[in-house]
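A quick write-up on the structure given underneath.
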Amino acid sequence: MKSALLRLRECRDSISPTERSIADYLLDHPESAMECGVHELAERTFSSASTIIRMCRRIGFDGYKDFRRSVTYEAALRRHSEEEEQKEISFSDSMEDVIEKITYKNIISLEDTRNLLDARGLEQCVDMICRCRNVLLFGLGASLLAAQDMYLKLLRLNKSCIINTDWHCQLLMARNATTEDMGLVFSYSGETEEVLACMQALKANRTPIFAITRFSASPVAELADHNIYIAANESTFRSGAMSSRISQLNVVDILYTAFANRDSQNSLTQLSKTHIRKKQAGKRQEDEPR
């Protein structure tokens, strides 16, 4: 089932002020709000029934009834862990506290991402990886790390892929792209200007674009032909891009595994062929150059 509260939380900053006030009320009082019909909820939030229905459809539901059913189910599942979800890192935390809180936040981020992922969208991405001439990978900062992980995995399976750590090189790569390639863009914020410049170049060349980004209206989501949404439960140190990176890497693992499963026998052969054996202490590796 689609996670209503998660989708609402992720897109809160990109919706209209009126819709945001409705979202805040729903996020703060999910259980009591779900006891209301759409007209009563409109009165409580000083809005209109049409605005509420429009907001529900904006985040992927058929209407208020569909949204209400999802929230009721989700609230029942999450009631027992409400206090844990509000845990935040403080400067007085011990090492044990940091271990527990960061691990918990990463787990929540992975669970939330699972609720956002669309199997059909992932299948379309794997289809494109199989068909395209080159997989062109884009990202900066922590998102570049996820893109590099995808590069290594595809390289093991002998899938032609290209990545550059320099933004100017990424832009040139985008300008040289063709309709036979695909762009795989990593951007949690969905607003990185350099990434957007690359996407505009891809768009000009009619290169298919898949974006791994947060569930929210953003320039990246608008430019992409297909979006794979992820969630994050960041701590105080947001600049570290911790749980968002974990969510991106989880999607990389899913895409890689699904791609490998398309031709499992060939994949196993490739993985064996590209395995780099580690040299044991005191022994010369058999295939080590002399």
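Some notes on this structure:
- Cα-only radius of gyration and Dmax that characterise the stretch 1-77, units Å: 10.8, 29
- Calculated mean residue ellipticity at 222 nm for the chain: -17500 deg cm²/dmol, from DSSP H runs with n ≥ 4 weighted as -39500 (n - 2.57), summed, divided by the residue count and rounded to 500.
- Heavy-atom accessible area order for 69, 133, largest first, 1.4 Å probe: 69, 133
- Cα→Cβ-extended label distance, 7 Å offset, between residue 18 and residue 145, nm: 4.3
- Residue 273 accessible area, assembled protein chains, probe 1.4 Å, Å²: 150
- If R0 is taken as 30 Å, the Cβ-Cβ distance between residue 273 and residue 180 corresponds to a FRET efficiency of 0.70.
- Averaged per residue, the stretch 143-194 has 48 square angstrom of accessible surface, using a 1.4 angstrom probe with ligands and nucleic acids left out.
- Pairwise label distance in nanometres, residue 49 with residue 94, each label 7 Å out on the Cα-Cβ vector: 5.6
- Comparing 277, 44, 175 in a Gaussian network model of the chain, where Cα atoms under 10 Å apart are tied by springs, the biggest mean-square fluctuation is seen for 277.
- Kirkwood hydrodynamic radius (C-alpha pairs) into Stokes-Einstein, the stretch 128-266, 37 °C and 0.692 mPa s, D in µm²/s: 220
- Protein-only accessible surface at a 1.4 angstrom probe places the residues 58, 114 in the order 114, 58, largest first.
- Each of 203, 105, 65, 279 has its accessible area taken with a 1.4 Å probe; listed largest first, they run 65, 279, 203, 105.
- With q set to 0.08 Å⁻¹, the log10 of I(q)/I(0) for the chain, from the Debye formula over equal scatterers at the Cα positions, is -0.43.
- Solvent-accessible area assigned to carbon and sulfur over the stretch 98-210 amounts to 51 percent, based on a 1.4 Å probe.
The values are calculated or read from the model by the stated rules, or taken from the named source; none is laboratory data. A quick note: this is a predicted structure, and the numbers were derived from the prediction, not measured. Positions of Cβ are generated from backbone atoms using ideal geometry, with glycine treated the same way; all protein chains shown enter the neighbour counts. Accessible surface is based on the protein model in full, side chains and every heavy atom, while ligands, DNA and RNA are left aside. Shrake-Rupley method; radii C 1.70, N 1.55, O 1.52, S 1.80 Å.
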